[in-house]
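Any read-out appearing in this document is the output of simple, stated calculations on the displayed coordinates, not a laboratory observation. Values in this document were obtained by computation on a predicted structure and should not be read as measured data. Here the Cβ positions follow ideal geometry from the backbone for every residue, glycine too, while neighbour counts run over all protein chains shown.
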Amino acid sequence: MSGLDAIVDTNVFVSARNPQERGFAACRKLLDRLDRGEFRAVISTVTIAELRAGFVPEEVPTVWRPMLTHLLTSANYRVEPVGPEIAERAGELRASSRLTLPDSIIVATGQLVGVPILVSQDKELGRQQHVLPVRSPFDLA
């Protein structure tokens, strides 16, 4: 694949870190495919914030910082900031659906950068919005 192929939801990264999480193996395989350059993904700066919130202080220098550096420097990821256009579209989505604000921002980001799918383990995302089709990591791993 070439170009930007998906926006990846925070829960994919969270599950890939924890063997006890549902979908651990599929999420790891998906991220491995990304790292090999089989496709390219966008992640929102909201995902960066959500991920950072899940690290305890002791993990920051040894786990979080290398992970963040990888996301910011890999040619296979594009970290997309939340600018006024994304913020406005996210507000529209939040007002017209049952999406949370973080999910609205992630969907709006994917829509406005032109990716064809959102990769998420959250099956409700596909039912709560019709802007981006939602694919499971199981489908793509």
**Request:** Kindly state, as a whole number, the per residue volume in cubic angstrom of the convex hull around the alpha carbon atoms of the stretch 96-141.
**Result:** 71
**Fill in**
In debye to the nearest 20, the charge dipole size for the stretch 6-134, taken about the Cα centre with +1 at each Lys and Arg Cβ and -1 at each Asp and Glu Cβ, equals 280
**Complete:** Protection proxy (average C-beta count within 10 Å per residue), highest first, orders 121-132, 6-17 as 6-17, 121-132
**Candidates Phe39, Phe55, Phe24, ranked by Gaussian network fluctuation over the chain, Cα under 10 Å, top entry** = Phe55
**Prompt:** What's the extension gain from Thr45 to Ala95 if we count 0.36 nm per residue and subtract their Cα-Cα distance?
**Reply:** 15.9 nm
**Message:** So for the stretch 6-134, averaging the separation of alpha carbon pairs under 8 Å that are six or more residues apart and normalising by length, what relative contact order in percent results?
**Reply:** 30
**Inter-label distance for Phe55 and Phe24, nm, one decimal - labels placed 7 Å from Cα along Cα-to-Cβ** = 2.1
**Complete:** Placing each pseudo-label 7 Å from Cα in the direction of the beta carbon, Arg127 and Asp139 end up separated by a distance in nanometres of 1.6
**Complete:** By the DSSP-based rule, helices of the chain that are at least 15 Å long along the axis (C-alpha) and have a mean Kyte score of at least 0.0 are 24-35, 101-113
**Message:** If you build the convex hull over the alpha carbons only and average its shadow over all orientations, what do you get for the stretch 6-134? Give it in nm² to one decimal.
**Reply:** 7.8
